[in-house]
Amino acid sequence: MLTILLVVVIILLLVSLTMLMRGDRRFSPLEYYARGKELGFSLGEAKLIKDTAILAKLGDPTAVFWSIRELDACIRAFSRRFKAEGKERERGTIKFMEKLYEFRKKLEFDQPKYHLGIRSSRAIRSNQRIRILVQGLGVYNSTVIDSNDRYLVVTYPVGGKVPPGFQWKGIRVSVYFWRQEDAGYVFDSYILEDLRIRNIPVLQIGHSESLLRTQKRKSLRLRSRVPAFLYLLKRLEGAYEKPERVPGMKCVLQDLSEDGAAVLIGGKARIGLLVKMQFFFGDDQVVMSGTVRSLEYNIEKNQSVLHVEAVPPSPRMRNLIRAQVYNVQPGPVDDVLPELDGRAFSG
């Protein structure tokens with residue numbers, strides 16, 4: 001009995017000590033360093049992160065390991081300092097920043113919006129791009145225009161040619177779509193009507209309550225309108241991140257993630273092409289190579305959007321991409337940041 005009482009007293013003392021150490025902050029130093037160790041940061045790295053958070057004038061530096069906003073400010077401060085000191089290409093710096101970005105990614109995908117999902121096609125909103133699979137014919141691209149209680153109204157499918165006399169009405173189809181900040185979905189349904197609204201051809205697709213949630217998002221995507229160059233490759237091995245010295249095919253980067261990108265080009269392409277993409281964000285040049293996994297061809301504009309699955313980038317290139325995706329690229333150098341001790345990066 002005395003032993004149990006002693007254990008209870010010790011626990012109460014530890015709790016009281018933690019509350020006293022916390023003060024007006026959300027987390028005590030004990031909680032902060034325990035969390036840092038849990039995340040794989042050494043004691044030196046955790047201290048360096050907290051010191052930088054303090055000098056970056058964050059309201060509560062102990063919240064860096066819990067809050068996306070505080071972590072973003074801290075990453076931005078580190079990037080600014082490393083760049084000012086010319087250390088951004090050093091191996092220890094790259095490894096340390098990769099740790100921070102991996103944790104940033106974890107915090108992002110721990111948010112509830114990435115886990116909720118939808119169960120009915122009635123939750124699909126206007127402007128959602130979809131792909132319609134017709135057994136024996138192929139896959140067609142379309143966009144949702146409207147939705148009501150009975151059906152989805154979608155633009156006329158664009159893709160391969162259909163046989164003479166083909167009728168969309170009554171056809172069984174599989175509908176695929178990617179819901180932003182969520183996952184991919186697929187459902188089976190029927191084309192209820194093929195008609196014109198204000199002289200525009202559209203289809204009505206019946207709703208489904210049986211949505212299958214497929215591949216979940218593994219990386220955050222950045223929407224953009226960045227000019228870029230595209231190069232055709234014979235193979236992906238070798239200098240897949242080596243910058244080309246001559247201009248390639250002009251294109252526009254439409255979205256970017258560490259796993260790949262979407263680029264807009266003039267003309268028509270084909271699935272399976274091996275390509276290299278080259279573009280700038282400020283002074284930083286990003287080079288990615290990969291395989292065209294899908295495309296959307298606009299006949300009227302004679303343009304194609306290529307969806308490229310990238311070769312896993314090097315740690316440095318991945319850090320450059322993540323800085324843009326998470327919007328934590330460094331701004332002007334701030335002289336109040338501390339001298340960074342390289343020994344903190346050694347576990």
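Some notes on this structure:
- Residue in segment 43-60 that is touching a residue at least 12 places away in the same chain (Cβ under 8 Å), farther than 22 Å from residue 320 by Cα, charged (D, E, K, R) and not in a helix (DSSP H, G or I) present: yes
- Residue satisfying all of: in segment 173-182; at pLDDT below 90 and surrounded by fewer than 16 Cβ atoms within 10 Å (Cβ to Cβ); nearest to residue 136 (Cα to Cα) among these: 180
- Scanning segment 73-87 for residues that are in contact (Cβ under 8 Å) with a residue 24 or more places away in the chain and closer than 18 Å to residue 284 by Cβ turns up 75, 76, 77, 78, 79, 80, 81, 82, 83, 84, 85, 87.
- Exactly one residue out of 81, 122, 89, 150 is crowded, with 19+ Cβ neighbours inside 10 Å, farther than 28 Å from residue 304 by Cα and not small (Gly, Ala, Ser), and it is 81.
- Residue check for residue 321: within 28 Å of residue 108 (Cβ to Cβ), β-branched (Val, Ile, Thr) and outside any strand (DSSP E or B): yes
- Any chance residue 126 is in contact (Cβ under 8 Å) with a residue 40 or more places away in the chain and either assigned by TED's automatic domain parsing to the domain that holds residue 320 or among the polar types (S, T, N, Q) (or both): no
- Exclusive hit being outside the structural domain of residue 208 (by TED's automatic domain parsing) and among the hydroxyl-bearing types (Ser, Thr, Tyr), set 140, 101, 156: 101
- Hey, residue 297 in contact (Cβ under 8 Å) with a residue 60 or more places away in the chain, assigned to a strand (DSSP E or B) and in contact with a strand residue (DSSP E or B) (Cβ under 7 Å, 6 or more places away or on another chain) or not: yes
- Only residues that are among the polar types (S, T, N, Q) and either more than 30 Å from residue 113 (Cβ to Cβ) or in a loop (DSSP other than H, G, I, E, B) (or both) were counted in segment 187-203, giving 1.
The values are calculated or read from the model by the stated rules, or taken from the named source; none is laboratory data. These numbers come from a predicted model, not from an experiment. Cβ coordinates were reconstructed from backbone atoms using ideal geometry, including for glycine residues, and neighbour counts include every protein chain displayed.
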